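Below is one structure; the comments refer to it alone.
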Amino acid sequence: MLDDTGTVLGLLSVLLVSVATLAIGSWGLRLSRTTSDFFVASRSVRPRLNGFAISGEYLSGASFLGIAGLVLSNGAEMLWYPVGWTAGYLVLLCLVAAPLRRSGAYTLPDFAEARLHSRGVRRASALLVVVIGFLYLMPQFQGAGVALETTTGLPPWAGGLAVAVVVLLNVLAGGMRSVTFVQAFQYWLKLTALLLPLVFLVLVWLGDGGRSPADPGLVSAGVDGLAWADPIDFAGDHPLYSTYSLMVATFLGVMGLPHVVVRYYTNPDGRAARQTTLAVLALLGAFYVLPPVYGALGRLYAPGLAASGSDSVVLALPGVMVGGLGGDLLTALLTAGAFAAFLATSSGLTVAVAGVLTQDVTSRRLEGVTGFRVSAVVAVVVPYLLSLVTREVGVATVVGLAFAMAAATFCPLLLLGIWWRGLTARGAVAGLVAGGLLTGAAVVDNLVVDRTGGWIASLVGQPAAWAVPLAFLTMVVVSRLTRSQVPAHTSRFLVRLHTPETVRVDQG
Amino acid sequence: MTEHPDRTEQTERAERAERVRVTSPRTGRSRQRPRPTPASEMEAQSELGEIYLRTLLRAQLRLGLGVLLALGLTVGALPLLFVLVPWLTRAQLLGMPVSWGLLAFGCYPVLVLLAWRYVRLAERNERAFARVVERS
């Protein structure tokens with residue numbers, strides 16, 4: 001499969017995506033002038049464009065390559081990932097979107113400080129943004145390595161490095177404004193790159209007689225078709241627990257992802273924030289029906305990948321099923337899409353993490369834009385180095401852990417901060433620390449130890465179902481114990497969060 | 001802005017003097033000068049403002065939780081449904097188990113529909129709130 005034409009086309013597509021990304025980025029640069037432009041596009045992005053941008057940013061390598069790979073190797077229970085990643089936006093819409101925008105803060109630490117008037121909460125939030133950001137960036141670099149290795153034969157570290165360099169150039173040049181245009185473009189690139197080859201692959205499959213991948217007689221890697229297609233069959237011993245825990249993590253985790261939250265400040269008002277979220281749900285739904293089909297076809301045509309490197313199944317299928325120049329061209333298109341996925345998510349995360357680092361670490365020593373640039377370098381280099389030294393656990397698994405951590409920390413902070421008057425700064429810090437430590441321990445365990453079977457493995461593998469309620473409980477109990485310290489401006493702040501912009505309360 | 005035929009010259013003059021912006025039709029009542037608007041009351045955290053806000057907050061929270069309950073009863077109930085009704089996994093549609101199809105393709109339209117409904121109702125709540133605040 002790795003003939004010369006394929007390698008050349010693969011490299012060419014990576015180059016094209018990088019150049020296009022940088023070109024659109026520098027077009028945005030002419031529009032961005034101030035520090036505010038760098039962070040949040042001066043809040044002038046329309047709902048539809050913002051919807052494209054959020055979707056483009058959100059659909060990471062885990063979505064583009066990871067889901068198909070997981071479906072191939074683990075079966076139908078992995079379909080809960082994309083469902084949860086989409087449903088999280090519904091939870092965000094119903095409880096967070098409009099009030100978050102009306103809070104008028106730039107980042108999650110900004111929200112925490114504005115709501116609770118406490119530097120301590122701010123610092124805890126900033127630290128968590130950086131940790132979640134690193135955790136989410138790491139698998140992007142690893143995945144990029146896998147993708148480039150499959151299509152061009154380059155060593156795994158090269159793909160990650162390529163993504164890191166392009167992201168850094170792009171973010172350094174334009175910041176958020178250019179990232180908005182880049183990401184809107186990348187949504188369409190990703191959708192096209194996944195849809196077009198799929199049409200050819202399905203035609204080939206129908207031409208071959210259209211055998212069902214769920215055929216009971218079809219046994220590959222020791223799993224027959226029926227077991228593979230069973231949606232409740234997690235590898236561990238407690239499938240129902242794992243499924244529901246994954247649901248908790250994804251449904252509640254989306255609202256706490258730094259790169260998602262930062263985009264909400266680019267909406268002009270709370271109403272636009274809702275419209276944007278509605279658009280995002282539709283766009284994600286349109287995308288997420290595609291990867292499972294790749295996974296199913298992979299079971300028929302590339303069953304060998306289930307055991308070794310299933311993350312590459314999307315890229316491998318055109319070569320196996322179509323072959324020749326046509327196969328190479330389709331693979332090149334898919335490579336472009338995958339690369340766009342790594343670039344978009346990494347750019348968004350880098351901007352979010354760098355924004356927080358700028359405000360909370362570098363701002364005292366360096367002025368505005370320079371501080372942001374230094375922070376961006378840190379935000380890219382650290383997770384890239386981490387991606388080289390940790391054991392490879394699969395793109396979607398690590399991303400899943402980032403969701404669990406977001407769900408156990410920022411979800412309680414946002415929900416209680418927006419809807420409950422009783423929250424105090426101490427309660428918030430206690431909850432953030434509890435949620436962060438519990439899920440953090442689970443993350444470290446997953447990255448270092450290889451457990452199989454038993455309750456411990458299930459509980460640690462999917463920590464959200466116990467960590468999220470514990471974090472909520474901590475936040476509420478400590479807030480009640482310190483109830484004399486409820487900030488004096490709480491009512492006033494809640495008025496601001498929930499009053500529609502058409503009613504002109506002095507928004508301060 | 002509509003002119004009321006029964007308006008006396010005096011109220012008209014007074015109105016012109018204090019007029020800043022008009023957001024709803026005038027009711028016929030006489031308007032005395034240092035009258036706090038509901039918006040400023042909410043800001044001053046007066047009791048009335050508290051009630052306004054509490055009403056909106058409760059309405060929005062009820063709406064949000066209601067839609068999320070619907071999410072729990074549809075998408076959220078699927079794992080339990082698949083365990084309790086194994087038939088869904090045995091029965092096949094176009095060569096794939098029905099449960100597979102539900103999960104891979106069926107959830108997304110439900111999510112979009114719920115979101116669309118929420119946006120409509122949330123905006124209706126806010127319009128109702130705006131009417132109450134500006135009329136009183």
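The values are calculated or read from the model by the stated rules, or taken from the named source; none is laboratory data. Remember, predicted model here, so these are calculated numbers, not experimental data. Every residue, glycine among them, receives a Cβ derived from its backbone with ideal geometry; neighbour counts consider all protein chains shown. Surface areas here come from the heavy atoms of the whole protein model, side chains and all, with no ligands, DNA or RNA. Shrake-Rupley method; radii C 1.70, N 1.55, O 1.52, S 1.80 Å.
In chain A, the longest principal axis of the Cα atoms and the axis of helix A:47-58 are about 60 degrees apart. Measuring between their Cα centroids, region A:343-363 and region A:132-210 lie 20 Å from each other.
The alpha carbon gyration tensor of region A:400-464 gives principal lengths a ≥ b ≥ c with a/c of 1.5 or higher and a/b greater than b/c, which makes the shape prolate. Under a model in which nothing but the beta-carbon of Lys, Arg (+1) and Asp, Glu (-1) is charged, region B:37-135 shows a dipole of about 460 debye around its Cα centre.
The simple Förster model, with R0 at 51 Å and r as the Cβ-Cβ distance, assigns residue A:385 and residue A:224 a FRET efficiency of 0.75.
Here each label is just a point 7 Å from Cα along the line to Cβ, and for residue A:169 and residue A:195 those points are 2.9 nm apart. Extension gain for residue A:451 to residue A:203 (0.36 nm times residue separation, less C-alpha to C-alpha distance): 85.2 nm.
Out of B:55, B:84, B:96, whose Cα points farthest toward the positive end of the dipole of region B:37-135 (charges: +1 Lys, Arg; -1 Asp, Glu; placed on Cβ)? Going by the Cα projections, it comes out as B:96.
Could you work out the relative contact order of chain A? I mean the mean sequence separation of Cα pairs under 8 Å and 6+ apart, divided by the number of residues, in percent. It would help to have the intermediate numbers written out before the result.
Details: 932 pairs, mean separation 149.6, N = 508.
Result for chain A is 29 percent.
By how many degrees, between 0 and 90 and to the nearest 10, does the Cα long axis of helix A:395-419 differ from the longest principal axis of chain A? Taking Cα atoms only, the helix is inclined about 20 degrees.
For region A:4-498, with all protein chains present and a 1.4 Å probe, just round the carbon and sulfur fraction of the accessible area to a whole percent. Provide the component values of the computation, followed by the final result.
Working: 10590 of 15660 Å².
With neighbouring chains kept in place, the figure for region A:4-498 is 68 percent.
Can you work out the FRET efficiency for the pair residue B:73 and residue A:289, with r the C-beta to C-beta distance and R0 = 30 Å, to the nearest 0.05? That gives a FRET efficiency of 0.85. Using the Cβ-Cβ distance between residue A:158 and residue B:55 with R0 set to 51 Å, the FRET efficiency works out to roughly 0.30. Taking the C-alpha atoms only, the angle from helix A:4-29 to the longest principal axis of chain A is near 20 degrees. Contact order, relative form, for region A:429-504: 43 percent (alpha carbon pairs under 8 Å, 6 or more residues apart, mean separation divided by residue count).
Only protein heavy atoms count here; under a 1.4 Å probe, residue A:411 has an accessible surface of about 0 Å². In a simple Cβ point-charge model (Lys, Arg +1; Asp, Glu -1; nothing else charged), chain A has a dipole of about 2560 debye relative to its Cα centre. Give the shape of region A:350-488 as rounded, prolate or oblate, defined through the alpha-carbon gyration tensor: a ≥ b ≥ c are the square roots of its eigenvalues, a/c under 1.5 means rounded, and otherwise the shape is prolate if a/b is larger than b/c and oblate if not. Taking the square roots of the gyration eigenvalues as a ≥ b ≥ c, region A:350-488 is oblate. The heavy atoms of residue A:350 offer some 0 square angstrom of accessible surface to a 1.4 angstrom probe.
Here the contact order of region B:37-135, divided by its residue count and restricted to Cα pairs under 8 Å and six or more residues apart, works out to 34 percent. Shape class of region A:81-134 from the alpha-carbon gyration tensor: oblate, with a/c at 1.5 or above and b/c at least as large as a/b.
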